[in-house]
Structure formats: structure tokens, C-alpha cells
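We did not get these values from a lab; they are worked out from the coordinates using the rules stated. Bear in mind that the values here come from a model prediction, so they are computed numbers and not experimental data. With ideal geometry, Cβ positions are generated from the backbone for all residues, glycine too; neighbour counts draw on all protein chains shown.
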Amino acid sequence: MSRDRHPLDPPPDDEEGQQDLSPKHLSPLGPGPLTATAVVGAILGWATRDLVDLLDDAAPVSWLQVAALVFLAAVLAGVAVQTRRAVRSSGATLDPHRMVNRLVLARAATLVGALLAGGYVGYGVTWFDSHPDLLLGRVGVAMAAAGGAAAVLVAGKFLEWACRVPKSDPHL
């Protein structure tokens, strides 16, 4: 840093005359990272069947996980509704740290939801060739868990959307 420049001044221009500034706004997560995360989850879920067979362990998916994922999706949706109301109300003052925390929560929930949905689908697909008595117990529960994980993904995207401030906001 040069001696004649104040620490809070913008950075100097580089050789092409462009300032090295980060973008002013964050863009929402697109389908690319979510698809890649779901594919990685499906591969890991597919490999889980072999690991479970190798360890002679019981099925790693249960109805308790389905219930936990549905509960998490409901909590995220509730936070999203509350956030949306707070952002849209004209008299409310929003704490920036709280809004950043909610945005981080939304992005994490979206990515984890995609990873788990892919993982449960990958795990459930491996059981299609099993005995018909195991189909509901393995494939059915895995697909229900994948549905719960997809609900977490959707609620996370809704929370991410709720964190967006309207362009007419005077604080932008």
C-alpha cells in the first residue's frame, strides 16, 4: 500500500484501467452447482450399498431420517416466510448480520438438500434388483428420504429468494 493512499480509498486501477472490485450483489445458486452436487450425492449413495454389504450392516436409511428432513424443510420454510415479510415491510429495519446468516443458511440447505436427494436416490436405485419383500423397506424409504431432501432443497431456495432485497430499497 502506498503512503499517500488512505486505507478506505478504492483500490487503484490496474493496467487496463479496470478496478478490481467484487460484484455488488450475489446471484442465486443456479442449476449447475445443484446438479453437480446431486450427481456427486448419487455416486456416493450408489457406493454406500457396497459399503453396507461389505460391513454386513443394516440399512442406513430409516423413517426417522425422512421425518427429520421434512421437519428441517418446514423450519426452513417458516424462516423463509418470516424473512420475506421482514424484507417486504416498509417499516422494518433488518440487521445485516442476520440477513447474511440467513443467506448462508439458505445456500447451505440448498446444497445439502441436493447432495442428500442424490445420495438417497443413488442408494435406492441399487436395491431395484433385490427381493420384492425388500423393495418397500429399502427403495421406498430411500425415495421418501430423497423427497424429504428435495423439500429441504426447495425450502432453501425459497429462503434464498426471500433474502433478496427489492431494487426500490433506499439502502442499496
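Principal axis lengths of the stretch 81-149 from Cα atoms, whole Å, largest first?
Principal-axis extents of the stretch 81-149 (Cα, largest first): 61, 16, 11 Å.
Place a +1 charge on the Cβ of each Lys and Arg in the stretch 35-145 and a -1 charge on the Cβ of each Asp and Glu, then give the dipole magnitude about the Cα centre in debye, rounded to the nearest 20. Each step should come with its number before you reach the end.
Details: 8 positive and 7 negative charges, 199 e Å.
Charge dipole, the stretch 35-145, about its Cα centre: 960 debye, nearest 20.
On full extension of the chain, what length is gained from Asn101 through Leu54, given 0.36 nm per residue of separation minus the C-alpha to C-alpha distance? Don't jump to the answer; show the numbers that get you there.
Values: separation 47, 0.36 × 47 = 16.92 nm, distance 4.07 nm.
Extra length available between Asn101 and Leu54 comes to 12.9 nm.
Taking a ≥ b ≥ c as the square roots of the eigenvalues of the Cα gyration tensor of the stretch 24-88, is the shape rounded (a/c under 1.5), prolate (a/b larger than b/c) or oblate? Could the numbers behind the result be given before it?
Details: a/c = 5.76, a/b = 1.72, b/c = 3.34.
In terms of gyration-tensor shape, oblate.
Taking R0 as 45 Å, what FRET efficiency do you get between Ser130 and Arg88 from their Cβ-Cβ distance, rounded to the nearest 0.05? Could you put the intermediate results ahead of the total?
Values: r = 50 Å, r/R0 = 1.11.
Taking R0 as 45 Å, the efficiency between Ser130 and Arg88 is 0.35.
Using only Cα atoms, locate the centre of the stretch 127-146 and the centre of the stretch 26-82, then give the distance between them in Å, rounded to an integer.
Each part's Cα centre sits 16 Å from the other's.
What list of ³J(HN,Hα) values in whole Hz, one per residue of the stretch 52-57 in order, does the Karplus curve 6.51 cos²θ - 1.76 cosθ + 1.60 (θ = phi - 60°) give from phi, with Gly and Pro shown as x?
For the stretch 52-57, the Karplus curve yields 5, 5, 5, 8, 6, 9 Hz.
Please give the contour-minus-distance gain from Val81 to Leu44: 0.36 nm per residue of separation, less the Cα-Cα distance, rounded to one decimal in nm. Walk me through the numbers before you get to the answer.
Numbers: separation 37, 0.36 × 37 = 13.32 nm, distance 3.30 nm.
Value of the extension gain: 10.0 nm.
Zone of Ala74 (label point 7 Å along Cα→Cβ, backbone N under 12 Å): which residues in the stretch 139-166?
The answer is none, because no backbone nitrogen lies closer than 12 Å to the label point.
Calculate one ³J(HN,Hα) per residue across the stretch 130-135 by plugging θ = phi - 60° into the Karplus curve 6.51 cos²θ - 1.76 cosθ + 1.60, and present them in order as whole Hz with x for glycine and proline.
8, 4, x, 5, 8, 4
Starting from the Kirkwood radius over alpha-carbon pairs of the stretch 34-172, derive D by Stokes-Einstein at 20 °C in a medium of 1.002 mPa s and give it in µm² s⁻¹.
After rounding, the answer is 131 µm²/s.
Whole-Hz ³J(HN,Hα) for each residue in the stretch 45-50, computed from phi via Karplus 6.51 cos²θ - 1.76 cosθ + 1.60 with θ = phi - 60°, x for glycine and proline: what do you get?
x, 4, 6, 5, 4, 5
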